[in-house]
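One structure is given here, and the rest of the page talks about it.
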Amino acid sequence: MTNLDDLLRFALDAAREAGDLARRRRGEGVQIAATKSAAADIVTAADREVEALIRGRLAAERPGDGFFGEESGAEQGTTGITWVVDPIDGTVNYAYGIPEYAVSIAAVEGEPDPQHWQALVGVVYAPAMGELFHAVAGGGAWLDAGAGRVRLAVNDAPTEAGALVGTGFGYDPATHAGDLARLGRVMPLARDIRRIGSAALDLAGVAAGRLDGYFERGLNPWDHAAGALMVEEAGGVVGGLPGQRPSTALTIAAGPVLFARLEQAIDGR
Ligand code: LIP
């Protein structure tokens, strides 16, 4: 039987150490190490160093677990647990000195595929903002900030003004027309939108009630693995294409009432 407390303890400790490393490297100056899917899709030396730190801790403390990370790929484990890691989510924010970036770490059980896995714990740590979001399956979603710990809950009471909706756009300019058309279908539901630049913090924001909802096309599993659990543990709903879980095709997160409205608007039905 997997001990959820052990998983959470590892995730919190690793996220704190990794996030503090990212913040130190940011202060020393960011080095762009490479680009990936498009010219705007950058990876910094810190992304790689932070992921290596997390993998090193896993190898030492949980050697049988699997790994699925943005920068160093996937490695099958023997325990049925896989760690899904985005070392610095919001990499462009990080490169520009915008504080909305986060280390995202999730432990999932079963096949390491978002359509099939069961998320057990999720941690999203924003070191520049001193905010540590965390959730355990069946144990709620929480924010540790300053000296306090508060339980998180999604907003699910739509107001006459409309919903505050987070979203994002892909790195590939060829995808922007479709993303903007999708946003155009959502705007009648919205009082305004926020483009925060980190899916993990968008999802944590929905869980915390800072956003009423969020949607984005083009996310990778490491972008949403931890934040999706937080939204669900905060009383929200997370999905993708109709009847599906989050995927690269689409991620939607909101309270139940707004989720249904967002799903319908995005699908254009
Ligand atoms: C980012 C996401 C963001 C999305 C960006 C990018 P990264 O992840 O967090 O929501 O709009 O295109 O995918 O690349 O910073 O890990």
From the list Ala22, Ala119, Ala95, Ala18, which residue is closer than 24 Å to Gly240 by Cβ, touching a residue at least 24 places away in the same chain (Cβ under 8 Å) and either outside the structural domain of Ile196 (by TED's automatic domain parsing) or outside any helix (DSSP H, G or I) (or both)? Ala119
Scanning the stretch 59-92 residue by residue, those in a helix (DSSP H, G or I) and within 14 Å of the ligand (Cβ to nearest atom) turn out to be Thr91, Val92
Name the residue that is nearest to Ser37 (Cα to Cα), counting only residues in the stretch 93-105 that are among the small types (Gly, Ala, Ser) and within 14 Å of the ligand (Cβ to nearest atom). Ala95
All conditions in (1) surrounded by fewer than 20 Cβ atoms within 10 Å (Cβ to Cβ); (2) in contact with a Gly (Cβ under 7 Å, 6 or more places away or on another chain) are true of Met129 except (2)
I need the full set of residues from the stretch 153-195 which are polar (S, T, N, Q) and not in a loop (DSSP other than H, G, I, E, B), in order please. Thr175
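Each row is one residue, and each column tells you yes or no for (1) in the same structural domain as Ser104 (by TED's automatic domain parsing); (2) within 16 Å of the ligand (Cβ to nearest atom); (3) over 30 Å from Leu8 (Cβ atoms).
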residue: Leu143; (1), (2), (3): yes, no, no
residue: Asp156; (1), (2), (3): no, no, no
residue: Thr167; (1), (2), (3): no, yes, no
residue: Arg182; (1), (2), (3): no, yes, yes
residue: Met187; (1), (2), (3): no, no, yes
residue: Arg195; (1), (2), (3): no, yes, yes
residue: Leu203; (1), (2), (3): no, yes, no
residue: Val206; (1), (2), (3): no, yes, no
residue: Leu211; (1), (2), (3): no, yes, no
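The values are calculated or read from the model by the stated rules, or taken from the named source; none is laboratory data. Please read all numbers here as calculations on a predicted model, not as lab measurements. All Cβ positions, even for glycine, are placed from backbone atoms using ideal geometry, and neighbour counts span all protein chains on display.
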